[in-house]
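Working notes, structure below.
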């Protein structure tokens, strides 16, 4: 088994593959709510990334976001959508396997 990290949310802790960028809620959705085959259009993924990057820049400039979180958000927002939101692509390829 690949290495995992522990993420937590209001429902408690969950193990997430260490090489994935998503958190507890996305991991739970993969494990428990695999219904339908609808995917987010790629244009929406790109738009969300652009919006998050712009918000990070604005909040950093306004001293509401520290340097490290700002840098990480911008770094992830600049990734290819297959790296940014791999859930969609894992499902497309049939590679998702619950832990």
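For the reader, a short list of remarks on this structure follows.
- Residue count for region 19-28 satisfying the condition of being part of a helix (DSSP H, G or I) and buried (at least 16 other Cβ atoms within 10 Å of the Cβ): 4.
Table: residues versus (1) assigned to a helix (DSSP H, G or I); (2) in contact with a helix residue (DSSP H, G or I) (Cβ under 9 Å, 6 or more places away or on another chain); (3) at pLDDT below 85; (4) within 29 Å of residue 3 (Cα to Cα).
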| residue | (1), (2), (3), (4) |
| --- | --- |
| 35 | no, no, yes, yes |
| 43 | yes, no, yes, no |
| 47 | yes, no, no, no |
| 55 | yes, yes, no, no |
| 59 | yes, yes, no, no |
| 65 | no, yes, no, no |
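- Residue 16, sole failed condition from (1) closer than 20 Å to residue 79 by Cβ; (2) surrounded by fewer than 13 Cβ atoms within 10 Å (Cβ to Cβ): (2)
- Close pairs from region 5-26: first at positive phi and at pLDDT 95 or above, partner surrounded by fewer than 15 Cβ atoms within 10 Å (Cβ to Cβ) and not in a strand (DSSP E or B), Cβ under 7 Å, at least 6 apart: none
- Residue list for region 67-87, filter: modelled with pLDDT of 55 or more, surrounded by 15 or more Cβ atoms within 10 Å (Cβ to Cβ) and under 12 Å from the mean Cα position of the chain (by Cα): 73, 76, 77, 81, 85, 87
- For region 1-13, the set of residues classified as in a strand (DSSP E or B) and over 22 Å from residue 73 (Cβ atoms) consists of 4, 12, 13, listed by residue number.
The values are calculated or read from the model by the stated rules, or taken from the named source; none is laboratory data. All of these numbers come straight from a predicted model, not from anything done at the bench. Reconstructed Cβ throughout: ideal geometry from the backbone, glycine too, with neighbour counts over all protein chains shown.
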